[in-house]
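Heads up, the thing below is written out as structure tokens.
The values are calculated or read from the model by the stated rules, or taken from the named source; none is laboratory data. Model, not experiment: these values are computed from the prediction. FYI the Cβ positions are ideal-geometry reconstructions off the backbone, even for glycines, and counts take in every protein chain you see. We work out accessible area using only protein heavy atoms, side chains counted, and drop any ligands, DNA or RNA first. Shrake-Rupley method; radii C 1.70, N 1.55, O 1.52, S 1.80 Å.
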Amino acid sequence: MRKKRIALLGSTGSIGTQALSVIRRHPERFEATVLTAGSNADLLIAQAIEFGPDAVVIADESRYAQVKDALSDRPIKVYAGAEALCQVVESQQVDMVLAAMVGFAGLKPTLCALRAGKAVALANKETLVVAGELVTACAMEHHVPLLPVDSEHSAIFQCLQGEVGNPVEKLLLTASGGPFRKFTAAQLADVTPAQALCHPQWSMGAKITIDSASMLNKGFEMIEARWLFGLPVERIEVVVHPESIVHSAVAFADGAVKAQLGVPDMCLPIQYAFAYPQRLADGAAPLDLFALGALHFERPNEHLFPCLTLAREASQRGGNAPCVLNAAGEVTNQAFRDGRIRFVDMPDLMARTMAKVPFEATPSLDTYFATDAEARAVCESMIG
Ligand code: NAD
Ligand code: MG
């Protein structure tokens, strides 16, 4: 069996490092042939020395000399800059691309990978939030699989195996509820970035952790599910489930509900996407239902967490509306982490940005880039 050669976009991040641990556990099946990072040159160098890829890319061009010098005595090509990300995914040395960069920056390299006919394991949900229609059409046109890595979407995808043609009533998208699930409006007004960065169930990158606390992440996941599984957001129900054991479920027309359960560990969905349709040993730790005893489910409070409503409205509006929401989400997320705005200012700024940026019903890729830039500028100017 030939090894699957994987390009990891964002190899130094939370998903990227867990994906490398999957590859480390299955060296007979997987090989990391491309590693890329934003600016963490030290970790990228260490990963390149361990995994011996064909090429590495450091997006931050000011770190190029450091990476190049450190790898000069090895047969590893070293590139820098955003454009290089698109070139490396097209390489003959790549069978699959793991899109694990964060934010809008992941859109272009993901499209490059699909156009080059590479299977894509998608963690970078922002790509589908911004341009789901274009990205899924591109995957279809090039006959390449777009495999979900996000745990909820991997769960739904697993539940749908063997169900081709069977009518689905709705998708049940589970959410831990984040660190502020039981907070009142008054308590939410004063939360700090440090509190928001303490997720009760998952250890993730900073941006998605803040989005989880505000539930914008779950709003994005509704849009992600809408494109991956072709159901409108009205048929995607968010279910708060604090234990994060049921990773999501599918309700079929006959009344049956299939769910995928497991301990919260991203290595499982990453490994499932890498090995699909096979299941490999050594995924996550075994699930002990007796130790858990009980699982809990509740409705989300959209009054306290209006990001869910904003995302549903953006999806229903369509066109460039989700792209505007994503850009405002990225700007406000960073501004909150920098202490420039309060937690509760984020949804308000997103709503005002959405009201201000002109609507485009049928955006092209260029429109998305223009919308992203405009929405960022509008949102930044509101923050002042
Ligand atoms: P992270 O911040 O830990 O890692 C991001 C990676 O992307 C890093 O390697 C970073 O160097 C790279 N990067 C960032 N900006 C870049 C740029 N402009 N150009 C090139 N590279 C850049 O983030 P993460 O938590 O690993 O999340 C990655 C993606 O996966 C996000 O879209 C997130 O929503 C999604 N996701 C993450 C998790 C999780 O458990 N962490 C779960 C589901 C989905
Ligand atoms: Mg998720």
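Do any residues in region 200-213 that are without any contact (Cβ under 8 Å) to a residue 60 or more places away in the chain and within 10 Å of ligand 2 (Cβ to nearest atom) have Cβ atoms under 8 Å from those of residues that are part of a helix (DSSP H, G or I) and of a type outside the set (S, T, N, Q), where the two are at least six apart or on different chains, and which pairs are they?
Ser212/Lys218
Tell me which of these Ala116 doesn't satisfy, since it passes every other one: (1) of a type in the set (A, V, I, L, M, F, W, C); (2) open to solvent by less than 10 Å² (accessible area, probe 1.4 Å); (3) out of contact with any Lys or Arg (no Cβ under 9 Å at 6 or more places or on another chain).
For Ala116, the exception is condition (2).
Answer yes if at least one residue in region 2-20 is open to solvent by 70 Å² or more (accessible area, probe 1.4 Å) and within 12 Å of ligand 1 (Cβ to nearest atom), and no otherwise.
no
If you check every pair at least six apart or on different chains, which have Cβ atoms under 9 Å apart with a residue in region 361-384 that is modelled with pLDDT under 95 first and a residue that is open to solvent by 60 Å² or more (accessible area, probe 1.4 Å) second?
Gly384/Arg340
Can you name the residue in region 223-255 that is under 30 Å from Glu31 (Cα atoms) and in a helix (DSSP H, G or I) and is also most open to solvent (accessible area, probe 1.4 Å) among such residues?
Here the residue is Trp227.
Taking region 182-220 as the search range and keeping residues that are over 19 Å from Val331 (Cβ atoms) and within 13 Å of ligand 1 (Cβ to nearest atom), which one is most open to solvent (accessible area, probe 1.4 Å)?
Ser203
Collect the residues in region 126-180 that are at positive phi and open to solvent by 20 Å² or more (accessible area, probe 1.4 Å), keeping them in residue-number order.
Within region 126-180, His143, Gly162, Gly165 meet the criteria.
Checking the condition under 22 Å from the mean Cα position of the chain (by Cα) and away from ligand 2 (no atom under 14 Å from the Cβ), which residue from Val149, Val144 passes?
Answer to the selection: Val144.
In region 351-360, what residues are free of Cβ contacts under 8 Å to residues at least 40 places away in the same chain, open to solvent by 50 Å² or more (accessible area, probe 1.4 Å) and of a type in the set (A, V, I, L, M, F, W, C)?
Ala355
Counting only residues that are open to solvent by 30 Å² or more (accessible area, probe 1.4 Å), over 21 Å from Ala119 (Cβ atoms) and free of Cβ contacts under 8 Å to residues at least 40 places away in the same chain, how many does region 256-292 have?
Matching residues across region 256-292 total 12.
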